[in-house]
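The values are calculated or read from the model by the stated rules, or taken from the named source; none is laboratory data. Just so we're clear, the structure is a prediction, and the values are computed from it rather than from any experiment. In this analysis, Cβ positions are derived from the backbone assuming ideal geometry, glycine residues included, and neighbour counts consider all displayed protein chains. For the accessible areas, the whole protein counts, side chains as well, though only heavy atoms, and no ligand, DNA or RNA atoms are used. Shrake-Rupley method; radii C 1.70, N 1.55, O 1.52, S 1.80 Å.
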Amino acid sequence: MGRFVDRVVMLMAVAGGLVLSALVLLTFYDVILRYFFSAPLRGRQDIVEMGMVLTLMLAAPYTWRIGGHISVDLYGKIPFQPLEILRVLLVKFAVVGIFSLIAWRAIEAIEDASLFNEATNMIFIPHKPFIVAIMLTCFLHALIVLGETYTEFRAGLIAPDNEGKPS
Amino acid sequence: MTPVSTGFFGLVLLLVLLALRLPVAFAMIVAGLAGITILNSWSAAVSTLFTESWGTLTYVELTVIPLFVLMGNIASTSGMSRDLYNTAYAWIGHFRGGLAHATILGCTGFAALSGSSVASALTIGRVALPEMKRFDYDSKFAAGAVAAGGTLGILIPPSTGFIIYAILTEESIGRLFLAGVIPGLILSGCFMAAIWTLTMLNPAIGPAGEKFGFMDRIKLLIRGTAILMIIIISIGGIYGGAFTPVEAAAVGAVLAFLFSLTRKEFTLKGFIDALLKTVATTVMIYFIIIGASVFSPFLALTQIPSTLAHTLIEMALHPVVLLALVLAVFIFLGTFLDGFAMMVLVLPIVLPIIQQSGIAEVLGITSESDLIIWFGVIMVIVLEMALISPPVGMNVFVVKSVSDISMKEIYRGIMPFWVAMLVCLIVIVTFPQLSLYLPATMKN
């Protein structure tokens, strides 16, 4: 499971990186248009706003899988195994909880976005598809952390390395 | 529970979660959610979590982070950073301690391409440490120079430290970037002075390196000029009012990419690696900001920052003593907390204290905005000290990862540079104009 999940999250992160590259080009293009043709691109800011949502949500599971979040690493494993297991469980469930909460709240936000036709300011890009993206990726993130916890415990391993890099 | 006691409960919970090694971003979210639930309601807490997440993800000014990080990663992947070091090496490597000086200059140049201290230490360390080993440099001294030089990454613009500070204080990113230029160069000078002093006292720790021919030096200088151009266009563009920081970052990233295309070290795999590193760093920083955005409203509800500021002001300490106290606390926290984490956690509490302390009058700082900018520079220098302070100094881990030098030796090697940082900090505190001159003359 681990290798398949890693491949999927990496592909998602690369996709996020490509969206980011597109945003870089778009901003550069806007600068050129503004300086040389006095014709700035209308709605660039709106596209960048929504593009960043995609970039970040696509890359979030990858960041978790590579231990990309900073944690305060004052000690190694707790020598008493049951306590160490409890600690790892607590960390993983906290993360599952946070992403589940965001996903759950996003469902309500989707309804609101539909009801009030929420959109960006300049070119009215609807918020709804991007909130859906947040909901799906957060749900996936929570599932990945749950799955990794299950797999590690089943194999008799705990992988604190996945919890974050030392500060 | 009173708001203040709930606040202390939240802070203790946060420390417990951090000690359990829950990533900093998530620890702040959990503590913030618990606190808001107690002081307000569960639905308010969850609503805050989503609203702040959405607000952070769509905050367009924050885009400057991934764009500058991408620029630095492309420069690093394509070997541009190595050119910086090689150029400095060719010109000053043949002096006593010259390779260590070249390391500092390489880091200073790379810092102007990358906002990350870790990236600076890693990139320059990979090239500089083997060279210094080849010329029999003392391993402690070499490690100290790389770890300390790397810290310049978050002081010299573009700096992720300044971006986060700007977001937290609602200050201008461009002005903060410019505020870091002169202090960054002073710090670089302090490091070089430390190297000069150390090699004067004990020449054996930094023997002279090989001497390059004049034409070789010129060739390397020309290669290094490409990087200088990117720096001048992007950072100079902000100063001259040509670009916003986001635009400057995009222009810098595109230029770095175009220059990279002319180099054979730059491959598709390298580009994808740069993208992956960029998005991972970006997610990490964004989630810390989301964490801070959930934790800060809770802190505000507890009234702890205002109560603490009030109490300290009523103690009628001299503003300088108060500032020294705050900086001492920062330096202490920095020994075990990550720099960014420390900033987002402590800033909401400390900034009101600094604003009401009267330090602005003592130092002749005339506006609130200038005070915030000056304090930002101070804070970032303290973050840099945190990066090389035992037991948890990120740059020390980085140097360890690219060398076979023991942690104990690295920390011993860092000490003189740490003292140089302290000297720089005192200079910047004493002369606020060093930080405020460029922002004041910046064109809008």
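Details
- Residue within region B:256-274 that is at pLDDT 90 or above, among the acidic types (Asp, Glu) and within 18 Å of A:Leu23 (Cβ to Cβ) present: no
- Residue match in region A:126-139 (condition: at the interface with another protein chain (Cβ under 10 Å from one of its Cβ atoms) and of a type in the set (Lys, Arg)): no
- Qualifying residue in region A:65-79 (condition: over 17 Å from the mean Cα position of the chain (by Cα) and more than 11 Å from every other protein chain (Cβ to nearest Cβ)): yes
- Filtered by the rule that a residue be over 21 Å from the mean Cα position of the chain (by Cα) and away from chain A (no Cβ under 14 Å), region B:227-250 gives a lone residue, B:Met229.
- Comparison of B:Gly358, B:Gly393 shows that the only residue that is open to solvent by 10 Å² or more (accessible area, probe 1.4 Å) and either within 14 Å of another protein chain (Cβ to nearest Cβ) or out of contact with any strand residue (DSSP E or B) (no Cβ under 6 Å at 6 or more places or on another chain) (or both) is B:Gly358.
- Residue match in region B:370-388 (condition: more than 23 Å from B:Phe191 (Cβ to Cβ), at pLDDT below 85 and not in a loop (DSSP other than H, G, I, E, B)): no
- Checking B:Gly79, B:Gly97 one by one, the residue that is closer than 30 Å to A:Val14 by Cβ, in contact (Cβ under 8 Å) with a residue 40 or more places away in the chain and more than 13 Å from chain A (Cβ to nearest Cβ) is B:Gly79 and no other.
- Filtered by the rule that a residue be open to solvent by less than 10 Å² (accessible area, probe 1.4 Å) and of a type in the set (A, V, I, L, M, F, W, C), region B:71-87 gives B:Met71, B:Ile74, B:Ala75, B:Met80.
- Listed by position, the helices (runs of 4 or more DSSP H) contained in region B:10-129 that have at least 2 residues being closer than 30 Å to B:Gly213 by Cα are B:64-77, B:80-92, B:98-111.
- Looking across A:Val19, A:Val5, A:Val48, one residue alone is crowded, with 16+ Cβ neighbours inside 10 Å, away from chain B (no Cβ under 11 Å) and either farther than 17 Å from A:Thr149 by Cβ or out of contact with any Leu (no Cβ under 9 Å at 6 or more places or on another chain) (or both). It is A:Val5.
- Single match in B:Thr51, B:Thr63, B:Thr58 (criterion: within 20 Å of A:Met52 (Cβ to Cβ), open to solvent by 10 Å² or more (accessible area, probe 1.4 Å) and at the interface with chain A (Cβ under 8 Å from one of its Cβ atoms)): B:Thr58
- Sole residue being free of Cβ contacts under 8 Å to residues at least 60 places away in the same chain and part of a helix (DSSP H, G or I), chosen from B:Val251, B:Val294, B:Val279, B:Val246: B:Val251
- Taken over region B:362-371, the criterion of being under 20 Å from B:Val427 (Cβ atoms) and either acidic (Asp, Glu) or open to solvent by less than 20 Å² (accessible area, probe 1.4 Å) (or both) is satisfied by B:Ile365, B:Asp370, B:Leu371.
- In region B:289-345, residue most open to solvent (accessible area, probe 1.4 Å) [restricted to those that are hydroxyl-bearing (Ser, Thr, Tyr) and touching a Gly at 6+ places or on another chain (Cβ under 9 Å)]: B:Thr307
- Residues that are in contact (Cβ under 8 Å) with a residue 12 or more places away in the chain, open to solvent by 30 Å² or more (accessible area, probe 1.4 Å) and within 28 Å of A:Phe139 (Cβ to Cβ) within region A:63-92 comprise A:Arg65, A:Ile85, A:Leu89, listed in sequence order.
- Qualifying residues in region B:1-15 (those that are surrounded by fewer than 23 Cβ atoms within 10 Å (Cβ to Cβ) and under 26 Å from the mean Cα position of the chain (by Cα)) - the one nearest to the other protein chains (Cβ to nearest Cβ): B:Leu15
- In region B:223-243, the residue that is surrounded by the most Cβ atoms within 10 Å (Cβ to Cβ) out of those that are without any contact (Cβ under 8 Å) to a residue 40 or more places away in the chain and in a loop (DSSP other than H, G, I, E, B) is B:Phe243.
- Any chance B:Leu220 is in a helix (DSSP H, G or I) and closer than 24 Å to B:Ile164 by Cβ: no
- Whenever a residue of region B:258-276 is within 14 Å of chain A (Cβ to nearest Cβ) and at negative phi, its partners that are of a type in the set (A, V, I, L, M, F, W, C) and not in a helix (DSSP H, G or I), lying with C-beta atoms within less than 6 angstrom and at least six residues away or across chains, give the pairs B:Ser260/B:Phe266.
- Looking at B:Leu99, B:Leu39, just one residue is open to solvent by 10 Å² or more (accessible area, probe 1.4 Å) and more than 30 Å from A:Gly51 (Cα to Cα), and that residue is B:Leu39.
- For A:Glu111: the one exception among (1) acidic (Asp, Glu); (2) open to solvent by less than 80 Å² (accessible area, probe 1.4 Å); (3) more than 8 Å from every other protein chain (Cβ to nearest Cβ); (4) within 27 Å of A:Lys128 (Cβ to Cβ): (2)
- Qualifying residue in region A:116-123 (condition: more than 10 Å from chain B (Cβ to nearest Cβ), over 19 Å from B:Leu33 (Cβ atoms), within 21 Å of the chain's Cα centre (by Cα) and in contact (Cβ under 8 Å) with a residue 40 or more places away in the chain): no
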